[in-house]
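Structure first, commentary second.
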Amino acid sequence: MQKFFSNRKLVIFIICLIISFGLMTVSVAVRNKRSTPPVVQQFGNDIVGFADNVVATPMNGIHHGFVSIKNLLNTYEENQQLKSQVNQLTQTKVKDQILTKENKQLKRQAKVGNTLTSYSKINAAVITRTPSSWNSQIIINKGQAAGIKKNMPVIAGKGLIGTVSEVNKTNSKVVLVSNTSQNSNRFAVQIINGAGKVVNGIITSYDGTNNQITMGNVTSKAKLKKGDKVTTSGLGGVMPKGIYVGTVAKITEDDYGLAKKVYITPAANLNDIEVVSVAVRNSGVN
Amino acid sequence: MTKRIPVEVIFFVGLILMFFLDGSVSLVFSNELYAFPNAMVPYLTVLWLMLSMIFIDRSSLRIGLWAAVIGFIFDMYYTGLLGVFVFIFPLVIYLGRLIFETLPPNFFSSFLVYFIMITLVEGISCLANVVVGLVNISMTDFLVNILAPTLALNLVLFAILYFPIERLYQAFNR
């Protein structure tokens, strides 16, 4: 330990510390302000991502095999449950079809182009996940070349899982909603309560102790109850309207007693993601 | 025939393989590793770097330098926050080397050094993320939910992989 604090070593140590802080500051600034990382970083990430396929493809293949077997074992029970739901679903689907058609006709008559709800999907496979406890990020195999842009919402399974945080040419990083970072995952959501009232708000943080996301500063007087469905509102940014986020878990007063704080249980399972789709809002508006 | 492969090649192939396995294992076992509220993070890259430092007795291979290179790739590809692991990986390798100057390199001393290394890697990277405002976590949560499970996982991996890697390097070091 005596050697460690000798003069030359100390100087090197301090220089390293300064460079480290410089790099961190620059990369945080770049992430917050620019839509893509510097070209050198993109290039490096593309090459590493390409090489990663050598390891990731067999690993994901094996995993897929195990999941298939597990699903096969559960099939009978699941089938019983699902049969009861199918009849209902058909009705809803037919109604949905008619309403969509009607909506399209009305839009044409009123000369309204694409609205906030219309979006198309880009499907992508998950390559790998960041080995880190707080950076809940996954890396997917589509990038700029496929038309992905920063902040686009990513859907898997039942609902929204996160947003695109960094775009390279052929791969991109997705920040999951379970990330505790202060400047990611700020998106606009809305809740429609039983009486048809709409409550708008913004996701403000992630509550680590209960695995819930919170929507703060809600001043609306509308009554919300547990189980109300939360969707994206499409206000601001590149997010379309009407992507399912989760259900209301509980409602509390905030620290000052002026506004309400709504806790939301995310709909999608964030720990079992193989394939995702990135929602791209159709142009026409904004 | 297999004896012809130089030990440096084994080191590089293993390093790259372990680097990608970190991410793949995190994804495939994410249900088990990131089961809420605990988080177990595999650090196979650090394991490989440390065991290579112990078993490769050739000074021409600058493991500290390669630790910095793999740390930079780790920052760029996995976290997107540059300047964290690029310094932590060489630092722990350097400290490990200092400790091994006084300790005999056997399984139990390596086990203890690896314990210290993982604590440092996890602690310093958390501190760096707190400083730039990317993480918002209390000390107790960090110790109980992140550090303890991560140490447990990595020490189990260490116990499993120590002897196979020793065997591997013994075969190619001659």
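The values are calculated or read from the model by the stated rules, or taken from the named source; none is laboratory data. Bear in mind that the values here come from a model prediction, so they are computed numbers and not experimental data. Here the Cβ positions follow ideal geometry from the backbone for every residue, glycine too, while neighbour counts run over all protein chains shown. To get the accessible areas, we keep the full protein, side chains included, count just its heavy atoms, and leave off ligands, DNA and RNA. Shrake-Rupley method; radii C 1.70, N 1.55, O 1.52, S 1.80 Å.
Annotations for the structure displayed:
- Cα long-axis angle, helix A:39-109 against chain A (0 to 90 degrees, to the nearest 10): 10
- Solvent exposure ordering (accessible area, 1.4 Å, most first) of A:VAL86, A:VAL278, A:VAL40: A:VAL40, A:VAL86, A:VAL278
- The long axis of helix A:7-33 is offset from the longest Cα principal axis of chain A by roughly 20 degrees.
- Loop-resident sites, segment B:1-107, for GluC sites (Glu not before Pro), counting at most 14 other Cβ within 10 Å (DSSP): B:GLU101
- Peptide A:55-67 - average C-beta neighbours from other chains (10 Å radius): 3
- For A:MET152, nonlocal amide neighbours, meaning residues 5 or more places apart or on other chains whose placed amide H falls under 5 Å from its own, are A:VAL164.
- Computed accessible area, A:VAL11, all protein chains, 1.4 angstrom probe, square angstrom: 80
- Counting only other chain Cβ atoms within 10 Å of each residue's Cβ, the peptide A:17-26 averages 4.
- Model label sites at A:THR57 and A:ASP272, defined 7 Å from Cα along the beta-carbon direction, differ in position by 2.7 nm.
- Between B:LEU17 and B:VAL156, the contour length at 0.36 nm per residue exceeds the Cα-Cα span by 48.1 nm.
- Estimated FRET transfer efficiency when R0 is 56 angstrom, pair A:SER35-A:GLN80 (beta carbons, to 0.05): 0.70
- Size of charge dipole - segment A:1-123 - debye, nearest 20, with Cβ of Lys, Arg +1 and Asp, Glu -1, no other charges: 580
- Over chain A, DSSP H runs of length four or greater, each weighted -39,500 (n - 2.57), average out per residue to a 222 nm ellipticity of -13000 deg cm²/dmol.
- Relative frequency of Cα-Cα separations exceeding 40 Å in the protein assembly as shown, percent: 27
- Extreme residue, positive dipole direction of the protein assembly as shown, given options A:MET239, A:LEU258, B:SER109 (C-beta unit charges): A:MET239
- Averaged over the residues of peptide B:121-129, the number of Cβ atoms from other protein chains lying within 10 Å of each residue's Cβ is 2.
- Separation between Cα centres of segment B:40-75 and segment A:29-91, rounded to whole Å: 30
- B:THR140/A:ILE98 FRET efficiency (R0 45 Å; Cβ-Cβ; nearest 0.05): 0.20
- In the protein assembly as shown, a dipole from Cβ-located charges (positive for Lys and Arg, negative for Asp and Glu) runs towards its positive end, and of B:TYR78, A:ALA145, A:LEU106 it is A:LEU106 whose Cα lies farthest in that direction.
- Each Lys and Arg contributes +1 and each Asp and Glu -1, all at the Cβ; summed about the Cα centre of chain A, the dipole is approximately 860 debye.
- Extension gain from A:THR117 to A:LEU73, taking 0.36 nm per residue of separation minus the Cα-Cα distance: 12.0 nm
- Of the residues B:TRP66, B:TRP48, ranked by 1.4 Å probe accessible area with the largest first, the sequence reads B:TRP66, B:TRP48.
- Sorted largest first by accessible area at a 1.4 angstrom probe radius, with every protein chain in place, the residues A:ASP228, B:ASP57, B:ASP141 fall in the order B:ASP57, B:ASP141, A:ASP228.
- Chain B: DSSP helices with Cα axial extent of at least 27 Å and average Kyte-Doolittle hydropathy no lower than 1.6: B:7-28, B:107-131
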